[in-house]
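Written out below as structure tokens is the structure these notes cover.
The values are calculated or read from the model by the stated rules, or taken from the named source; none is laboratory data. This structure is a prediction, so every number in the text was calculated from the model and none was measured. Note: ideal-geometry Cβ built from the backbone for every residue, glycine included; neighbour counts use all protein chains shown.
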């Protein structure tokens, strides 16, 4: 690709989501057709922009070209069928399109189109895998090759997921519209899940050279920030953005050069990205300012913020973290939340208090084979000076984990507990 | 990846001329577009160099101070923004839309990230050292 082509592709990437979103409404929710038309517009841009230069309003240019193609396509189809009724229909379609265009010019709000697109690609009728693949394709503008690379799946599989998702959407007749009221809440949950899944996929500690992974974090962050502007009154959107910003601030600090994860309390906090922390705290404030019972993302962001605000691990406001975990345990109870709450309590009130909670958790069937339970227990025991028991727990944790790196780390800690 | 956009100074910025409300509005709209696209990270405008100073470091730590204004306005910075995008091309594509006056220049520079030092510092030792220094600096400046 030469420089001009790269420039054009970059402009195209910026416009992609809005272009597909606008076209999707134009073709009444057919995402496949919308994507094809957008691609056609890119081809047209690559043909004309190198000589004519990039237009002042590239988005409007691309939209116009794509819409013209759509109209031509309808015309061609109708002529082929040579039925008068359909020609009339085509005329009507055209008039409707013209009406659409006027309406669009009137409110000049592409935001709703974009939201419709996001809600469609995260539609509950799609499997989790399909939602993620389709969102990355039609909203974030990743190529199937990039998606395949990010999820370490064959390109064919990625392409199939997207095709299948578009077909399912078309067949289910899911309307390309904004959900309202109670439905909005449910559908929003699905959207936020997809965004956080993409982020987490990028966030898992990986060895160097895996360049697609951190890029996923950036895609998710950007999508989250876009959603926060489109739905400024949804506290959980701000909560998720805050959580992602603050977690992303630790990306440079949370692994050794060979990819070994560094625990939160051993990370060099000066390496945390202050810009992202600042953004995260602002997003948290926006979410909290909306009032109401905070949801799981906002609460988790609140905990992340406590860590982000502490200059050293000793400065951590553990009482506040315990209080937030109490809220989290009330709204979204889970053994994992309890385990984390126990850790927070161990720092706020001492290891014995933490141990009492974990001892109860250890008997839950769901956590029987979960390696973090003995690992956390070991930490409390060793802080209480019960080294032999701590060592045994670390060895048990090592035997339970499936992750090689983690096992090595646990065994190392067990060995260090010997003396 | 993050990029810093440096807006170069001109006669107006150096004279401390406040942009007209129309210019403000255009710039505000552009910034809003960056924010809505999830690209904008931070940004500030700088006062004229007449309100600043330069320190030159000589032998043995000897410093000489020169108060502003500085004459070579082309080398002066009038403001900066930080954006987070996927490539230099994307940064260029975004900033080409800035409502900057005719004859003005925007400079686009990529910020270093930890990964950029990986090859020069395979053990992470140097980065560790750097991080400690920053930590100290932050403490001194009483950052939260």
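Quick look at the values:
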{"quantity": "Residue satisfying all of: in the stretch A:13-40; at the interface with chain B (Cβ under 10 Å from one of its Cβ atoms) and without any contact (Cβ under 8 Å) to a residue 60 or more places away in the chain; farthest from the chain's Cα centre (by Cα) among these", "calculated": "A:15"}
{"quantity": "Check on residue A:260, over 17 Å from residue B:84 (Cβ atoms) and touching a strand residue (DSSP E or B) at 6+ places or on another chain (Cβ under 9 Å)", "calculated": "no"}
{"quantity": "Residue ID - farthest from the chain's Cα centre (by Cα), chosen from residues in the stretch A:241-272 that are away from chain B (no Cβ under 13 Å) and in contact (Cβ under 8 Å) with a residue 24 or more places away in the chain", "calculated": "A:265"}
{"quantity": "Enumeration of residues in the stretch B:54-73 that are within 19 Å of residue B:6 (Cα to Cα) and touching a strand residue (DSSP E or B) at 6+ places or on another chain (Cβ under 6 Å)", "calculated": "B:54"}
{"quantity": "Among (1) over 30 Å from residue A:140 (Cβ atoms); (2) surrounded by fewer than 17 Cβ atoms within 10 Å (Cβ to Cβ) - the single one residue B:76 does not satisfy", "calculated": "(2)"}
{"quantity": "Matching residues, the stretch A:164-176, being in a helix (DSSP H, G or I) and surrounded by fewer than 16 Cβ atoms within 10 Å (Cβ to Cβ)", "calculated": "A:167, A:170, A:171, A:172"}
{"quantity": "Subset of the stretch A:223-238 that is surrounded by fewer than 19 Cβ atoms within 10 Å (Cβ to Cβ) and in a helix (DSSP H, G or I) - its residue that is nearest to the other protein chains (Cβ to nearest Cβ)", "calculated": "A:229"}
{"quantity": "Residue B:28 vs. criteria in a strand (DSSP E or B) and away from chain A (no Cβ under 12 Å)", "calculated": "no"}
{"quantity": "Residue B:74 within 26 Å of residue A:275 (Cα to Cα) and at pLDDT below 90", "calculated": "no"}
{"quantity": "Residue check, residue B:61 modelled with pLDDT under 90 and touching a helix residue (DSSP H, G or I) at 6+ places or on another chain (Cβ under 9 Å)", "calculated": "no"}
{"quantity": "In the stretch B:99-111, the residues that are within 21 Å of residue B:23 (Cα to Cα) and touching a helix residue (DSSP H, G or I) at 6+ places or on another chain (Cβ under 6 Å)", "calculated": "B:99, B:106"}
{"quantity": "Any chance residue B:100 is away from chain A (no Cβ under 14 Å), surrounded by 12 or more Cβ atoms within 10 Å (Cβ to Cβ) and either at pLDDT 90 or above or not in a strand (DSSP E or B) (or both)", "calculated": "no"}
{"quantity": "Some residue of the stretch A:196-205 being free of Cβ contacts under 8 Å to residues at least 24 places away in the same chain and either assigned to a helix (DSSP H, G or I) or more than 17 Å from the chain's Cα centre (by Cα) (or both)", "calculated": "yes"}
{"quantity": "Residue in the stretch A:177-199 that is under 25 Å from residue A:23 (Cβ atoms), exposed (fewer than 15 other Cβ atoms within 10 Å of the Cβ) and modelled with pLDDT under 85 present", "calculated": "yes"}
{"quantity": "Residue in the stretch A:301-308 that is in contact (Cβ under 8 Å) with a residue 24 or more places away in the chain and more than 15 Å from residue A:246 (Cβ to Cβ) present", "calculated": "no"}
{"quantity": "Which listed residue, of A:28, A:56, is within 25 Å of residue A:134 (Cβ to Cβ) and outside any helix (DSSP H, G or I)", "calculated": "A:28"}
{"quantity": "Matching entry among A:343, A:358, A:373, A:337 (being without any contact (Cβ under 8 Å) to a residue 60 or more places away in the chain, within 35 Å of the chain's Cα centre (by Cα), within 19 Å of residue A:313 (Cβ to Cβ) and surrounded by 19 or more Cβ atoms within 10 Å (Cβ to Cβ))", "calculated": "A:343"}
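Every residue, every condition in (1) in contact with a helix residue (DSSP H, G or I) (Cβ under 7 Å, 6 or more places away or on another chain); (2) at pLDDT 90 or above; (3) outside any helix (DSSP H, G or I); (4) surrounded by 12 or more Cβ atoms within 10 Å (Cβ to Cβ), yes or no:
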{"site": "A:34", "(1), (2), (3), (4)": "yes, yes, no, yes"}
{"site": "A:48", "(1), (2), (3), (4)": "no, yes, no, yes"}
{"site": "A:62", "(1), (2), (3), (4)": "yes, yes, no, yes"}
{"site": "A:67", "(1), (2), (3), (4)": "yes, yes, no, yes"}
{"site": "A:70", "(1), (2), (3), (4)": "yes, no, no, yes"}
{"site": "A:74", "(1), (2), (3), (4)": "yes, no, no, yes"}
{"site": "A:89", "(1), (2), (3), (4)": "no, no, no, yes"}
{"site": "A:103", "(1), (2), (3), (4)": "no, no, no, no"}
{"site": "A:106", "(1), (2), (3), (4)": "no, no, no, no"}
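Yes/no matrix, rows are residues, columns are (1) surrounded by fewer than 17 Cβ atoms within 10 Å (Cβ to Cβ); (2) touching a strand residue (DSSP E or B) at 6+ places or on another chain (Cβ under 9 Å); (3) within 30 Å of residue A:186 (Cβ to Cβ):
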site	(1), (2), (3)
A:264	yes, no, no
A:283	no, no, yes
A:289	yes, no, yes
A:301	no, no, yes
